[in-house]
Structure formats: structure tokens, C-alpha cells
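The values are calculated or read from the model by the stated rules, or taken from the named source; none is laboratory data. Remember, it's a predicted structure, so these values are computed and weren't measured experimentally. Glycine gets a Cβ as well: all are built from the backbone with ideal geometry, and neighbour counts include every protein chain shown.
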Amino acid sequence: MNPTIEYENLQRTNKLLFADYKAEFSDFLDSGWFVLGNGVANFEQQYAQYCQAKYCAGVASGLDALTLAIDACRFPKGAEIIVPSNTYIATIMAVVRNGLTPVLVEPDISTYNIDPDKIATAITSKTKAILVVHLYGKSCNMSRIQKLADQYQLTVIEDVAQAQGAKHKGHVAGGFGIGCHSFYPTKNLGALGDGGAITSSNEAFIKTIKQLRNYGSSIKYQNEELGYNSRLDELQARFLSRKLKILNKINSHKRCLAQVYFDELSDEFIKPDLNDDYYDVFHIFTIRHKERDTIKDYLLKQGIKTEIHYPIPPHKQKALRGLIQGDYPISEEVHATTLSLPIAYFHTEKEVQHVAKTINRWLK
């Protein structure tokens, strides 16, 4: 029996930064300022620059980033927002929580990102925004999507939860429109708890976000509007600033691991699409096969843990019953055949090579 290859181990992923984190905690403790201090302000400045945006506002989670961003757009009642049909449910929850209507559009089966060819047919007089999701660590085709948005005068909102540092034609995800980010611990730029952020080059918009996250207030005890309590934790912001310094190193390592899969895995498995216009950061490395569940069970017996992102498509979730109509066969195919392989920062090329060889052995 081979040693277990974990899918994720957050202790091992963050071990390189333990000394830095301990130093940050000590400074944090000594500062006596525990909410919206210099740690948050410094991270916001650094992360905005990283995303090629002018401004950033830290919030409590990725879902809050989406919810507050849509709220701040002030879309009219009954407005529709286009979202991909195979996204994680949080993207759609944010639309629904704002009292708006999600309109699902199928993905491109080769990239798993929203298909630009299908967006135009979903646009109506009620459409106010395109909410793209840079899934698995690949940027969407933003040049085509921005062209559509300009043509129909639509707002572009980006769900960047899985794509920190991903690029399309040299431009970083989160810097195209309104970027909504998650720093959940498993992300390439993961905190040690929940956290999120919104990036934008619109100063007035970010000012609104900073009010919304703090009870609708920019001056203590003066509440300009009904807001939220959704502030990026000061300590997590400090940790994130430390990790941001090695994010490119993390992404480069995961790209090297992905290349091992590309080189070693049999072409019997459908691998991620590669294109020179994209810089993929492989938050998740997916393969597809009609016998996905059998392969997953086989690998587990061989001591290799995998994940499924995600087993149930949004339109079949109980929480969205009655809110979404229509058939989404491409989404269903993706959700039924996708298997996520180990590709964490702590994994070695040798371990990934072993995973690939074991999967190939299943074919025989």
C-alpha cells in the first residue's frame, strides 16, 4: 500500500509561512487595534496593485464580496444578471439575496467557463450585468465578454474566488470589472479563516462598498444607508499580506504540477484546455471521464484522495428550486464527469507523477 496522498492539508500548505504568521500575530497583539486597522489598509493597497485595479475593499468572505458588490451596483428591481450554469452556488445566492433574477448560461465544455457565444442570446431588456466566474483557476475570455458588455451597456462583475493571479492576454482576473475575491483557506491566496475582497478602479464604488461593509457608515454613528457587518479581519489581512508576497511562487509551482499531469496522464482522460492567451493558476486541476465515480473509488483504495467540484449543478439544488427554469445539459455533463486531482502547494512533482501513473493503471 502506497502512502496516502492527501488532496489538501492546510498545515503543510502554510508551514513555510508559520514564522511570518507568528511575527504578524505578535505585532497585531501589541498594536491593540483589532478591526479595520493598518493591516487591512496595507493589504487592500497591495492586493489592488496585484490585480491591476486602483482600489480594494476587504470584506468578511467571498459570498459577502459578491453580495455587497451587486448591492452597490444599485440595479433596479426585477433586473436580471447573467451567470454561468455550472458555477458554485454562492455566485447565484448573491444575485438572489439582492432580489434579482439569475439567468443561467451554459459553459464552454472545453474551458468550463461561461461561453461567450451563448451570452448574447440570454440578454433581455432586463439584463443589467454579466457575472463571470473564472473557474478552477482559468480566466474567462474577457476580451469577448467586455465587448459584449460594452455593446449592451452591461456591468461586468468577476467572481475571482478560484483564480487569484490568473490572466487573459496579460490582464489579471479581478482587474477587468468589479472583482469579487475569496480568501477561504484552500484558495491559492488563502487566509487562515474566512475573508474576501472587492477590487475596482472606480473610487466612488469602493467608497460605497466600504460604507456597506461597516453598517452603511463612513463616520462613526452616522449611517448613510442600511449596510452589513462584513469587514476583513485585521489579523487575516496581515496573514494575507505575507502570503501575497509568494502568490506568484505558489501559482508557478501549481503550474509545474499541472504540467506533470499534462505530460503523464493518458489522453483517455479529458484534461483542462490550454491556450497561450491564458495564464492558468490551477486552483483546481480537473479531468473528466464518464466513469468518474469508479475512478475516484479506485484512487482512494490506492491511497490517493480526490475531490469533486461539484457533484450537483446549481439548477438541481434544493435551495434554488422554483427560482431557476430550463435545462442545462452541458452543466450536468460537467458536474457528472469532473474529478479534481491533488495539486496543492505542498505536493511534489514526484507525488503528482505517482497520481498520474496510478490513474493510467486504472485503464488497464
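Can you say whether S218 is hydroxyl-bearing (S, T, Y), at pLDDT below 95 and farther than 27 Å from P84 by Cβ, as far as the supplied structure shows?
It is true that S218 is hydroxyl-bearing (S, T, Y), at pLDDT below 95 and farther than 27 Å from P84 by Cβ.
Looking at (1) touching a His at 6+ places or on another chain (Cβ under 8 Å); (2) assigned to a loop (DSSP other than H, G, I, E, B); (3) over 17 Å from E106 (Cα atoms), which is the one condition that is false for A344?
Only one criterion in (1) touching a His at 6+ places or on another chain (Cβ under 8 Å); (2) assigned to a loop (DSSP other than H, G, I, E, B); (3) over 17 Å from E106 (Cα atoms) is unmet by A344, namely (1).
Quick check on this structure: which one of F183, F282, F239 is in contact (Cβ under 8 Å) with a residue 40 or more places away in the chain, at positive phi and buried (at least 24 other Cβ atoms within 10 Å of the Cβ)?
F282
Here are some residues: A94, A90, A149. Which one is over 19 Å from the mean Cα position of the chain (by Cα) and of a type in the set (A, V, I, L, M, F, W, C)?
When all the criteria are applied, what remains is A149.
C56 is checked against (1) under 30 Å from H168 (Cβ atoms); (2) not assigned by TED's automatic domain parsing to the domain that holds F205; (3) not basic (K, R) and fails just one. What number does that condition carry?
(2)
Residues of the stretch 106-115 being of a type in the set (A, V, I, L, M) and buried (at least 24 other Cβ atoms within 10 Å of the Cβ), which ones?
I114
Residues are listed down the side, and each one gets a yes or a no for (1) part of a loop (DSSP other than H, G, I, E, B); (2) among the aromatic types (F, W, Y); (3) closer than 15 Å to Y261 by Cα; (4) touching an Asp or Glu at 6+ places or on another chain (Cβ under 8 Å):
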| position | (1), (2), (3), (4) |
| --- | --- |
| K290 | yes, no, no, no |
| I295 | no, no, no, no |
| Y298 | no, yes, no, no |
| I312 | yes, no, no, no |
| Q325 | yes, no, no, no |
| I330 | no, no, no, yes |
| V334 | no, no, no, no |
| K350 | no, no, yes, no |
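Which numbered condition trips up Y184, out of (1) part of a loop (DSSP other than H, G, I, E, B); (2) out of contact with any strand residue (DSSP E or B) (no Cβ under 9 Å at 6 or more places or on another chain)?
With respect to (1) part of a loop (DSSP other than H, G, I, E, B); (2) out of contact with any strand residue (DSSP E or B) (no Cβ under 9 Å at 6 or more places or on another chain), Y184 is out only on (2).
Against the definition (assigned by TED's automatic domain parsing to the domain that holds R213, of a type in the set (A, V, I, L, M, F, W, C), crowded, with 16+ Cβ neighbours inside 10 Å and touching a residue at least 60 places away in the same chain (Cβ under 8 Å)), how does V103 come out, yes or no?
Against the criterion (assigned by TED's automatic domain parsing to the domain that holds R213, of a type in the set (A, V, I, L, M, F, W, C), crowded, with 16+ Cβ neighbours inside 10 Å and touching a residue at least 60 places away in the same chain (Cβ under 8 Å)), V103 does not qualify.
Within the stretch 81-100, can you find the residues that are of a type in the set (G, A, S), surrounded by fewer than 24 Cβ atoms within 10 Å (Cβ to Cβ) and in contact with a helix residue (DSSP H, G or I) (Cβ under 7 Å, 6 or more places away or on another chain)?
A90
Name every residue in the stretch 296-332 that is within 14 Å of V96 (Cβ to Cβ), surrounded by 14 or more Cβ atoms within 10 Å (Cβ to Cβ) and out of contact with any Gly (no Cβ under 8 Å at 6 or more places or on another chain), in order of residue number.
The answer is P314, Q317, L320, L323, I324.
Out of (1) touching a residue at least 60 places away in the same chain (Cβ under 8 Å); (2) in a helix (DSSP H, G or I); (3) over 21 Å from the mean Cα position of the chain (by Cα), what's the single condition that is false for S266?
(2)
Can you pull out every residue in the stretch 150-166 that is in a strand (DSSP E or B) and buried (at least 21 other Cβ atoms within 10 Å of the Cβ)?
Within the stretch 150-166, I157, E158, D159 qualify.
Report, ordered by the first and then the second residue, all pairs with beta carbons closer than 6 Å, sequence separation of six or more or different chains, a first member in the stretch 12-23 that is touching a residue at least 60 places away in the same chain (Cβ under 8 Å) and aromatic (F, W, Y), and a second member that is assigned to a helix (DSSP H, G or I) and surrounded by 13 or more Cβ atoms within 10 Å (Cβ to Cβ).
Note: pairs meeting the criteria are Y21/F239.
Within the stretch 1-116, which helices (runs of 4 or more DSSP H) (wholly inside it) include 2 or more residues that are within 30 Å of Q302 (Cα to Cα)?
Qualifying helices (runs of 4 or more DSSP H): 10-14.
Enumerate the pairs (first residue in the stretch 60-84 and in the same structural domain as N141 (by TED's automatic domain parsing); second residue anywhere and surrounded by 24 or more Cβ atoms within 10 Å (Cβ to Cβ) and part of a loop (DSSP other than H, G, I, E, B)) with beta-carbon separation below 6 Å, excluding pairs fewer than 6 apart on the same chain, so at least 6 apart or on different chains.
What qualifies is G62/A161.
Could you tell me which of the residues K147, K210 is basic (K, R), touching a strand residue (DSSP E or B) at 6+ places or on another chain (Cβ under 7 Å) and not in a strand (DSSP E or B)?
The unique qualifying residue is K210.
Residues in the stretch 268-278: is at least one under 23 Å from L10 (Cβ atoms) and among the acidic types (D, E)?
no
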